[in-house]
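This report concerns only the one structure given below.
The values are calculated or read from the model by the stated rules, or taken from the named source; none is laboratory data. Everything quoted here is computed from the prediction, not taken from an experiment. Virtual Cβ from ideal backbone geometry, glycine too; neighbours counted across all protein chains shown. Side chains are part of the model used for accessible areas, which takes the heavy atoms of the whole protein and leaves out ligands, DNA and RNA. Shrake-Rupley method; radii C 1.70, N 1.55, O 1.52, S 1.80 Å.
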Amino acid sequence: CLGWRLGSFQPTGWDYRQYEMRAYEIFASPRGRAAILCGGLVWRLAMELLGNEGLRQAAQGPSVGIFEHCYKVQPRHGPPYFNDALTPEEEYIICGTYKVVDRHNRQPNLISWWPRPSQWKSSGLNLGHWTVLAEEWFVGRLRRIHKGEALPLNGKDWKSHIRFHSGGVKLVFAIQEESAHFLSDTL
């Protein structure tokens, strides 16, 4: 994550620029390919900071350290396939996550500039591809951050900010489940 902060933490534009620099370090590294492949909001954040370089990077194939952080697909017959995947720590940095503590609570509260991948996947903005609605939401949020009108949110607040229509989430999960069954039967 981007570090620990006290409960009185009030992020500024400087904090957001520091976050962008940390995220860019991941995106511009060989590990950035995993972010591009992640899709959804993580992909969009990478494209915002990398531009077309992100697409060139994704097309270059698995990174050198693929077996350190990867996901594996094992077909029914033949050798397994491996591809780059982000670590939880990389996801925290990419989404601009801070751990905030106060004197009364021993558990840190996670706040982030952007929703984490698990939050995005269960949102009404995740329809399996980047939509016009997702782009409008992203551009609007980015504009508000730059104007100092939007701050990092905790998980509960993110849930209400990106809920939109729950029918889309159910549809995406059903498609993913059926696709997984098809692939396991086919491969």
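The magnitude of the dipole of the chain, with charges of +1 and -1 set on the Cβ of Lys/Arg and Asp/Glu and taken from the Cα centre, is near 480 debye.
Of all lysines in the structure, the ones whose alpha carbon falls short of 28 Å from that of residue 99, not counting any fewer than 8 places away in one chain, are 121, 147, 156, 159. In order along the range 69-79, the phi-based Karplus estimate (6.51 cos²θ - 1.76 cosθ + 1.60, θ = phi - 60°) of 3J(HN,Hα) comes to 9, 8, 10, 10, 10, 10, x, 4, 10, x, x Hz; Gly and Pro are listed as x. The C-alpha atoms of the chain define a longest principal axis, and helix 40-50 lies at about 70 degrees to it.
Each of 38, 65, 142 was placed along the dipole of the chain (beta-carbon charges, centred on the mean Cα), and the one lying farthest toward the positive end is 142.
Counting pairs of Cα atoms in the range 117-163, how many percent are more than 14 Å apart?
Here the tail beyond 14 Å accounts for 54 percent of pairs.
With all protein chains in place and ligands, DNA and RNA left out, the 1.4 Å accessible area ranks 16, 81 as 81, 16, largest first.
When the Gaussian network model of the chain links Cα atoms closer than 10 Å, the mean-square fluctuations of 88, 30, 80 top out at 80. Shape class of the range 69-145 from the alpha-carbon gyration tensor: oblate, with a/c at 1.5 or above and b/c at least as large as a/b. Rounded to the nearest 10 degrees, the angle from helix 166-186 to the longest Cα principal axis of the chain is 30 degrees.
Summarising the amide proton neighbourhood of residue 70: residues at separation of 5 or more, or on other chains, whose placed amide H is nearer than 5 Å comprise 85. The long axis of helix 13-28 is offset from the longest Cα principal axis of the chain by roughly 20 degrees.
What is the chain by shape, rounded, prolate or oblate, if you read a ≥ b ≥ c off the alpha carbon gyration tensor as root eigenvalues and call it rounded for a/c under 1.5, prolate for a/b larger than b/c, and oblate otherwise?
Note, shape of the chain comes out prolate.
Judged by the gyration tensor of its Cα atoms, with axes a ≥ b ≥ c, the range 1-111 is oblate; a/c meets the 1.5 cut and b/c is at least as large as a/b.
Among the protein heavy atoms, those of residue 130 account for about 60 Å² of accessible surface (1.4 Å probe, every chain in place).
Annotation: residue 102 carries an accessible surface of approximately 80 Å², with a 1.4 Å probe and no ligand, DNA or RNA atoms counted.
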